[in-house]
1. Cβ contacts < 6 Å: first residue touching a residue at least 60 places away in the same chain (Cβ under 8 Å), restricted to segment 118-129; second residue surrounded by 10 or more Cβ atoms within 10 Å (Cβ to Cβ) and among the aromatic types (Phe, Trp, Tyr), any location; separation 6+ or different chain. Result?
2. Test Lys107 against the stated conditions and say whether it is among the basic types (Lys, Arg), more than 15 Å from the chain's Cα centre (by Cα) and surrounded by 14 or more Cβ atoms within 10 Å (Cβ to Cβ).
3. Is it the case that some residue within segment 28-44 is touching a residue at least 40 places away in the same chain (Cβ under 8 Å), outside any strand (DSSP E or B) and in contact with a Ser or Thr (Cβ under 9 Å, 6 or more places away or on another chain)?
4. Check whether at least one residue in segment 68-91 is modelled with pLDDT of 90 or more, under 16 Å from Ala21 (Cα atoms) and in contact with a His (Cβ under 7 Å, 6 or more places away or on another chain), and report yes or no.
5. Condition check: β-branched (Val, Ile, Thr), in contact (Cβ under 8 Å) with a residue 40 or more places away in the chain, touching a helix residue (DSSP H, G or I) at 6+ places or on another chain (Cβ under 6 Å) and at negative phi. Does Ile65 satisfy that?
6. Looking at segment 75-89, which of its residues are surrounded by fewer than 18 Cβ atoms within 10 Å (Cβ to Cβ), in contact with a Lys or Arg (Cβ under 9 Å, 6 or more places away or on another chain), touching a residue at least 24 places away in the same chain (Cβ under 8 Å) and assigned to a strand (DSSP E or B)?
7. Would you call Gly46 modelled with pLDDT of 95 or more, surrounded by fewer than 14 Cβ atoms within 10 Å (Cβ to Cβ) and of a type outside the set (A, V, I, L, M)?
8. Need the failing condition index for Ala18 against (1) crowded, with 16+ Cβ neighbours inside 10 Å; (2) touching a strand residue (DSSP E or B) at 6+ places or on another chain (Cβ under 8 Å); (3) among the small types (Gly, Ala, Ser), just the number.
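The values are calculated or read from the model by the stated rules, or taken from the named source; none is laboratory data. For clarity, every value in this text was computed on a predicted model and none was experimentally measured. All Cβ positions, even for glycine, are placed from backbone atoms using ideal geometry, and neighbour counts span all protein chains on display.
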Amino acid sequence: MTSNQTEVKQIIIDWTRAISAGDREAILAHHADDLLMFDFPAKVEGIDAYGETWDFFYDKPRGPIVFEPRNIEVTAGDKVSFATCEIHCDGTSAGPLDLRLTVGLEKRGGEWLITHEHHSVPTTEERFIDPSSASPS
């Protein structure tokens, strides 16, 4: 793993730990002011709007917040990087949820900043599921 890959992976790990701890300042760290996020259900533009999304996330928790990354994969050049992982989330009003994360980062002023963040969940709508890829019952 290159040093850029290691740095980006650590940013993802630190971000997920900050979410589990409820540390809003650390959640926003390493995010660009001009961040674009595709979240369910909305598109979010800018660091201020991004910060506000956490109000909903932390509203009416059911228990300790768990936000655990798995299978972090990073591709990194000198100025641009992207990372993907799966995340297990629990403790929010939504209950347990497994989601997917993709982030795009740019190196600005020598620091990696997340400029794009995309969350998604696997579909359960049968019209979008290829029967040949369905898991056996």
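1. Matching pairs, first to second residue: His118/Phe38.
2. When the stated conditions are applied, Lys107 passes them.
3. yes
4. yes
5. yes
6. Selection gives Val80 alone.
7. no
8. Of (1) crowded, with 16+ Cβ neighbours inside 10 Å; (2) touching a strand residue (DSSP E or B) at 6+ places or on another chain (Cβ under 8 Å); (3) among the small types (Gly, Ala, Ser), only one is false for Ala18: (2).
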